[in-house]
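Colleague: First the structure, which I've put down as structure tokens, then a few questions once you've had a look.
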Amino acid sequence: MNMIFKREMPTANVIQEMYPLSEAMRAKKKENDEAVQAIFTGKSSRLLLVIGPCSADREDAVLEYIGRLRDVQEKVKDRIVIVPRIYTNKPRTTGDGYKGMLHQPDPTHSPDLLRGLLSIRKLHIDAIGQTGFSCADEMLYPENHRYLADCLSYVAVGARSVENQLHRLTASGLDIPVGMKNPTGGDLQVMMNSIKAAQHSHTFVYSGWEVQSGGNAMAHAILRGYSNKHGQSVPNYHYEDLRFLYDLYGESGLKNPAVIVDCNHANSGKLFDQQPRIALEILHSMKVNADIRSLVKGLMIESYLEDGCQKPEDGVYGRSITDPCLGWEKTERLIYDLADQF
């Protein structure tokens, strides 16, 4: 093997014991989980908003951003449930670039995965303790999910991972909603197969154990656009796309038909300032078609304190170092617009 085994990593149980959730935090997460799950089961008609930085790069800026979301959440709580994004590991198409706080707790320094594990757990715990939000993260590495499993209220499986069997099987054992993104090539049947696999029970090897999952009835679709054979971004959030997905669900026999629409990535062509327009267009589609209204459970927005993106070494506080994000003023205005029009 062409690998150097540098050090043995502590298990998830050890990390959880080092940074435990208090009883008050556990109770708050349970309350948050129930609010989110009620949207997917149809018990609540509120809109889910999964919103936050493309990647969590520094604890102070992320917690300030989430603290601002808390103030907004209180004003729109009758119509919107906010789940902040704290994405602590990032897929890189070519393997190059910042891979997230798990790998580099300091983006300007070399990778340090032990420090990274401690940093990402502390960040998620501090979010609950300081703001009352249990957040969303991407399940990029299924084996690592256990380090954060007791902190999260929502999980996404990315476009590059949705065909991976271990992602599908792990999702089937989670007790929170898991969103399956359409793959980068746009094949919706791949996404639907992933949802079907996640809703089933499975027996498999996980973290050195033979485990049996119970199936996750809240596994659902995320539409994020795709790239065509020429590498051009193609959106899939329009009325016709949502109607087509509704029909796919109707043929599938899947439980709790649902979609979260990602307003950035290929749906915006990574033009971050188009997210408000896209979000409001989706709400319009929901208004004019009852089937679409029943299917669309929420939106995903990439947003941070400052507009745009930067290189890690630029050091602008609250500006994304991965994909460009919507700044705070535009974000706050968008949330209020969504509440007014939903």
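Colleague: I need the fraction of alpha carbon pairs in segment 140-258 separated by more than 21 Å, rounded to a whole percent.
Modeller: The share of Cα pairs beyond 21 Å in segment 140-258 comes to 37 percent.
Colleague: Now, a different point. Viscosity 1.002 mPa s, temperature 20 °C: give me the Stokes-Einstein translational D for the chain in µm²/s, with Rh taken as the Kirkwood radius over C-alpha pairs.
Modeller: Reported coefficient: 107 µm²/s.
Colleague: Run through every distinct alpha carbon pair of segment 186-342 and return the Kirkwood hydrodynamic radius in angstroms, one decimal place.
Modeller: About 17.4 Å for segment 186-342.
Colleague: Antiparallel DSSP bridges in the chain: what percent, to the nearest 5?
Modeller: 20 percent
Colleague: Provide the solvent-accessible area of LYS287, counting protein heavy atoms only and rolling a 1.4 Å probe, rounded to the nearest 10 Å².
Modeller: It works out to around 120 Å².
Colleague: Could I ask something else about it? Could you put MET18, MET286 in order of accessible surface area, largest first, with the 1.4 Å probe and the full protein assembly present?
Modeller: Per-residue accessible area, sorted high to low, gives MET18, MET286.
Colleague: Rank GLY308, GLY42, GLY253 by mean-square fluctuation in a GNM of the chain with C-alpha springs under 10 angstrom and give only the top-ranked residue.
Modeller: For the chain, modelled as a Gaussian network with Cα springs under 10 Å, the answer is GLY253.
Colleague: Between ASP96 and ARG333, take the C-beta separation as r, use R0 = 22 Å, and let me know the FRET efficiency to the nearest 0.05.
Modeller: 0.05
Colleague: About its Cα centre, what dipole magnitude does the chain give when the only charges are +1 on Lys and Arg Cβ and -1 on Asp and Glu Cβ, stated in debye to the nearest 20?
Modeller: For the chain, the charge dipole is close to 400 debye.
Colleague: In whole Hz, with x marking every Gly and Pro, tabulate ³J(HN,Hα) for segment 28-42 from phi via Karplus 6.51 cos²θ - 1.76 cosθ + 1.60, θ = phi - 60°.
Modeller: 5, 4, 4, 4, 5, 4, 5, 5, 5, 5, 4, 5, 6, 8, x
Colleague: Name all residues of segment 103-120 having a backbone nitrogen under 19 Å from the label point set 7 Å from the Cα of GLU64 along its Cα→Cβ direction, giving them as ranges.
Modeller: 106-108
Colleague: Follow-up. Can you give the extra length, in nm with one decimal, that the chain gains between ASP78 and ASN164 once fully stretched, where that is 0.36 nm per residue apart less the Cα-Cα distance?
Modeller: 27.2 nm
Colleague: While we're on this one: For the chain, what % of the accessible area comes from carbon and sulfur atoms, probe 1.4 Å?
Modeller: 49 percent
Colleague: Using Cα-only point scatterers and the Debye equation, what is log10 of I(q)/I(0) for segment 1-60 at each q in 0.22, 0.23, 0.26, 0.29 Å⁻¹, rounded to two decimals?
Modeller: One equal scatterer on each Cα of segment 1-60 leads to -1.05, -1.06, -1.07, -1.07.
Colleague: I've got another one for you. For segment 203-255 and segment 311-338, write down the distance between their C-alpha centroids in whole Å.
Modeller: One Cα centre to the other: 27 Å.
Colleague: With no solvent and one point on each alpha carbon, what is the Debye value of log10 I(q)/I(0) for segment 241-316 at q = 0.19 Å⁻¹?
Modeller: -0.82
The values are calculated or read from the model by the stated rules, or taken from the named source; none is laboratory data. This structure is a prediction, so every number in the text was calculated from the model and none was measured. Note that each Cβ is placed from the backbone with ideal geometry, even for glycine, and that neighbours are counted across all protein chains shown. Areas reflect the complete protein model, heavy atoms only, side chains present, ligands, DNA and RNA absent. Shrake-Rupley method; radii C 1.70, N 1.55, O 1.52, S 1.80 Å.
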